[in-house]
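Q: Mind having a look at this structure? Questions to follow.
Read the figures in this text as sums done on the coordinates, not as results from a lab. The structure displayed is predicted, hence computed values, not measured ones. Backbone-built Cβ (ideal geometry, glycine too); neighbour counts: all protein chains shown.
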Amino acid sequence: MSKSVAFIGLGNMGGGMAANLVKAGFTVKAFDLMEANLKAAEAAGCIPVTCSKEAVADVDFVVSMLPNGAIVESVYIDGDALLEAIPKTALVLDCSTVAPANSRRVGAEADNRGIAFVDAPVSGGVAAAAAGTLAFMVGGTEANFETAKEVLSPMGANIFRAGDVGAGQVAKICNNMLLAIHMTGTAEALQLGIDNGLDPKALSDIMLKSSGCNWSLEKYNPVPGVMEDVPASNNYQGGFMVDLMLKDLGLAMEASAASKSSTPMGAAARNLFNLHKNSGGEDKGGKDFSSVLELYSGK
Ligand code: NAD
């Protein structure tokens, strides 16, 4: 008999992830507050259910992909109280991006009830979720990490254990803070070159073979027309939204305050993305994050 998964939260990311579990042979019971997302999950082969408690009855795994930490805590503890209904033999994997403290609270409450829990936030966007090529950063015991791989493998290309519960979220926050820093730095350097008469493609080629080379320059050039198949060449549509980057940078600043770490570059990046979101008389939160170039170009 195939193993069963309750999948809670079938939005942009969760929809594709649940579909990949179906393709891998899992029986997937799906729950979302939005009827349209439930219908899409049903079309992908999931079994739609009308309440979250029904989804988790008798399952081997519970996977959640929800918007934020308050919702995650509400689903598992304070609101739906799913931890009261999840079988003690099941493993819970929360793949949402939330504060490490949210994951640790849910993990501790799960532990009190004898339920295994890992946080498993992802890197990679909607396309990677659909293609099953996400990177998972897992926080949990080694034993739970080994069990988690069975359900994460059909959804991801790379699966890492970062440490104990909450560590996956810390890894995700650090990675995205660095991504924000090198994207703003790359945009700043490219615009300086443009303002001084350089062709951005020629400058990019030079820096790609020089010490300024980085992922944003290599895979995600922010100047329209320099690279094909990146959001910059598609009017900054698709990709990773400014609003989601701001959410992750907010989590990084909370983590930095909690640990009394100095994160001046992360703070600057957060301010730059906030300035960008509110610049030019329109809300740019829905644009891809490489559009931060517009803050420098004035466009
Ligand atoms: P989304 O808003 O498209 O999907 C979230 C889904 O959760 C929605 O369908 C919503 O109806 C559902 N939901 C909300 N409250 C619920 C509840 N109480 N019970 C059941 N369902 C509920 O968001 P998304 O883009 O899929 O992102 C999900 C998570 O993944 C977020 O934490 C985000 O930060 C993270 N993430 C997103 C991306 C990306 O590119 N979109 C990349 C990496 C990580």
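Q: Consider all pairwise Cα distances in region 87-135 and report the whole-number % of them above 15 Å.
A: Everything past 15 Å amounts to 51 percent.
Q: Between beta-carbons, use under 10 Å as the cut-off and find the net charge around Lys53, counting Lys and Arg +1, Asp and Glu -1.
A: Its environment carries a net charge of -3.
Q: Computed from the mean reciprocal separation of all distinct C-alpha pairs, what Kirkwood hydrodynamic radius does region 185-254 have, in Å?
A: Result for region 185-254 stands at 13.1 Å.
Q: How much net charge surrounds Thr147 when only other residues with a Cβ under 13 Å from its Cβ are counted (Lys, Arg +1; Asp, Glu -1)?
A: -1
Q: In a Debye calculation with equal point scatterers on the alpha-carbon sites of the chain and no solvent, what is log10 I(q)/I(0) at q = 0.07, 0.08, 0.13 Å⁻¹?
A: For the requested q values the scattering log ratios are -0.29, -0.38, -0.91.
Q: I'd like the FRET efficiency for Asn158 and Asn68, computed as 1/(1 + (r/R0)^6) with the beta carbon distance as r and R0 of 22 Å, rounded to 0.05.
A: 0.35
Q: Ok, one more. Taking the chain as a Gaussian network, Cα atoms linked when under 10 Å apart, which of Ser261, Ser216, Ser233 shows the biggest mean-square fluctuation?
A: Residue with maximal mean-square fluctuation among Ser261, Ser216, Ser233: Ser261.
Q: Run the simple label-point estimate for Thr141 and Met265 please: 7 Å along Cα→C-beta, distance reported in nm.
A: 3.7
Q: OK, next. List the lysines whose Cα lies under 16 Å from the Cα of Lys247, skipping any in the same chain that are fewer than 8 positions away.
A: Lys172, Lys277, Lys284, Lys287
Q: What FRET efficiency comes out for the pair Asn235/Thr133, r = Cβ-Cβ distance, R0 = 22 Å, nearest 0.05?
A: The formula returns an efficiency of 0.35 here.
Q: At Leu33 and Glu54, where each label point lies 7 Å from the Cα along Cα→Cβ, what is the point-to-point distance in nanometres?
A: Going from the Leu33 label point to the Glu54 one covers 1.8 nm.
Q: Here's another thing I want to ask about it. I'd like to know which of Val49, Gly212, Gln191 lies farthest towards the positive end of the charge dipole of the chain, counting +1 on Cβ of Lys and Arg and -1 on Cβ of Asp and Glu.
A: Gly212
Q: Identify which of Met17, Met207, Met245 has the largest mean-square fluctuation in a Gaussian network model of the chain, with springs joining Cα atoms closer than 10 Å.
A: Highest fluctuation of the listed residues: Met207.
Q: Pairs of Cα atoms under 8 Å, at least six residues apart: use those to get the relative contact order of region 174-236, whole percent.
A: 26
Q: Where Rh is the Kirkwood radius over the Cα pairs of region 158-285, the temperature 10 °C and the viscosity 1.306 mPa s, what D in µm²/s does Stokes-Einstein return?
A: 99
Q: Cβ under 10 Å from Pro87's Cβ, Pro87 left aside: what net charge do those residues give with Lys, Arg +1 and Asp, Glu -1?
A: -1
Q: So which residue, out of Leu246, Leu203, Leu190, gets the largest mean-square fluctuation from a GNM of the chain using Cα contacts under 10 Å as springs?
A: Result for the chain, Cα springs under 10 Å: Leu203 fluctuates most.
Q: Next question, about the same structure. Sorted from largest to smallest, which semi-axis lengths in Å does the alpha carbon gyration tensor of region 23-145 give for its equivalent ellipsoid, taking the root of 5 times each eigenvalue?
A: Over the Cα atoms of region 23-145, the semi-axes work out to 21, 18, 14 Å.
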